[in-house]
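A.B. asks: Can you keep this structure in mind? I'll have questions shortly.
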Amino acid sequence: MSDMTAMTAMTGPHGDRATIAELGAGLLAPQARTSPKYLYDSLGSRLFEAICELPEYYPTRTEAAIFAAHGADIARRIGTGSTLIDLGAGNCAKAASLFPLLQPQQYVPIDISRDFLNEAVSRLRQRFPSIAMTALALDLSGPFALPPAVNAARRVFFYPGSSIGNFAPHEAIAFLRRVRENTSADGGLLIGVDLVKDAAVLDAAYDDAIGVTAAFNLNMLRHVNHLAGADFDVRQWRHVAFFNAEESRIEMHLEARTALTVRWAGGERRFARGERIHTEDSYKYTPDSFADLLAQAGFAADAVWTDDAGWFAVMHARAAAA
Ligand code: AVI
């Protein structure tokens, strides 16, 4: 066996049965696809952090600039003393940047990774001793109920970063409905939304000059090799990303550079040269189209803050009467 073959040989699956079955079903679909969650192993998460620093990737810095310019106005809208619930909190930095203005009574960061969250929260407790903090390791991909430790009054859900764009619109509505179910009539939502813009700006943001986004996308194959015991050879694939104006979304794909066969625990598929695996969508909205989506989820948009170029929006919505 040559060195190269040895590097790509199956090593046995490390994922559970359900994960391997889900991956296999996606890879065998007529249009092969994988869930965007598989972009985030530990290297993928670090590559995403690097993406956020790229000059082409405007969402992170544009959203931060909106918070910096309009923080006082946002705080007036929300009021102090709320129960601030951070969906997908990660290192909690975005919410923490708003603490001096929002002065929440309780901060509830939620993330799937308990260890990462606990570390971030113990640092925050020292910086903001007057804010009660309740960290929750929860998977928000299905129905969820917040425990009694979370104050019921004035729940404001915080969902920055335009992560909502990685759901198809019907999934985004279902997710936000589940959020709405956890909010009483005095609750609300503060959410970051990436806006439709010139396709060249969007294309560059998802296909940067030094190839960090390409590495982020290709790394998914290594992750699938690990989880499903697959034998993807990363060098045989290339990153493709483009704005699909009809669907109002960036699509990321991986395209086979040559005809090849991929094997994994319990399955295999032949890919023709040029055939693609659809790895991620990132939907782009207008403030109006997103307000419509919010309404379908039981929220009424009542404020929008954007940057001067109109590239990104932070929107506030109140829980509409059920
Ligand atoms: C996490 N999410 C909001 C990013 C986005 O812009 O859709 C993920 C990403 N994919 C490629 N670049 C960034």
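A.B. asks: In the Gaussian network model of the chain, springs joining C-alpha atoms below 10 Å, which of THR213, THR261, THR134 carries the largest mean-square fluctuation?
C.D. replies: THR261
A.B. asks: Per the Kirkwood treatment, what hydrodynamic radius in Å, one decimal, follows for region 190-281 from the mean inverse distance over all distinct Cα pairs?
C.D. replies: 14.4 Å
A.B. asks: Convert 37 °C to kelvin, take the viscosity as 0.692 mPa s, use the Kirkwood radius over C-alpha pairs of the chain as Rh, and evaluate the Stokes-Einstein diffusion coefficient in µm²/s, rounded to a whole number.
C.D. replies: 157 µm²/s
A.B. asks: Could you order PHE167, PHE312, PHE116 by accessible surface area, starting with the largest, using a probe radius of 1.4 Å?
C.D. replies: Reading off the accessible areas and sorting them downward yields PHE116, PHE167, PHE312.
A.B. asks: What is the gain in length, in nm to one decimal, between ALA152 and ALA137 on full extension, counting 0.36 nm per residue of separation less the C-alpha to C-alpha distance?
C.D. replies: Full extension from ALA152 to ALA137 adds 3.5 nm.
A.B. asks: P(r) tail for region 143-218, what percent of Cα pairs lie past 15 Å?
C.D. replies: Everything past 15 Å amounts to 68 percent.
A.B. asks: Related question: All other residues with a Cβ under 14 Å from the Cβ of ARG46 taken together, and with Lys, Arg as +1 and Asp, Glu as -1, what is their net charge?
C.D. replies: Residues near ARG46 contribute -2 overall.
A.B. asks: Select from ALA68, ALA303, PHE158 the residue farthest towards the positive end of the dipole of the chain; place +1 on Cβ of Lys and Arg, -1 on Cβ of Asp and Glu, and compute about the Cα centre.
C.D. replies: Result: PHE158, furthest along the dipole toward the positive end.
A.B. asks: Averaged per residue, what accessible surface does the chain expose to a 1.4 Å probe, in Å²?
C.D. replies: Normalised by residue count, the accessible surface of the chain is 46 Å².
A.B. asks: Also, quick follow-up: Could you tell me what percent of the accessible area of the chain is made up of carbon and sulfur, with a 1.4 Å probe and every protein chain present?
C.D. replies: Carbon plus sulfur share of accessible area: 53 percent.
The values are calculated or read from the model by the stated rules, or taken from the named source; none is laboratory data. Note that the structure is a prediction, hence the values are computed from the model and not measured. Quick reminder, even Gly has a Cβ in these numbers, built from the backbone with ideal geometry, and neighbours come from all protein chains shown. The accessibility values were calculated without ligands, DNA or RNA, using every heavy atom of the protein model including side chains. Shrake-Rupley method; radii C 1.70, N 1.55, O 1.52, S 1.80 Å.
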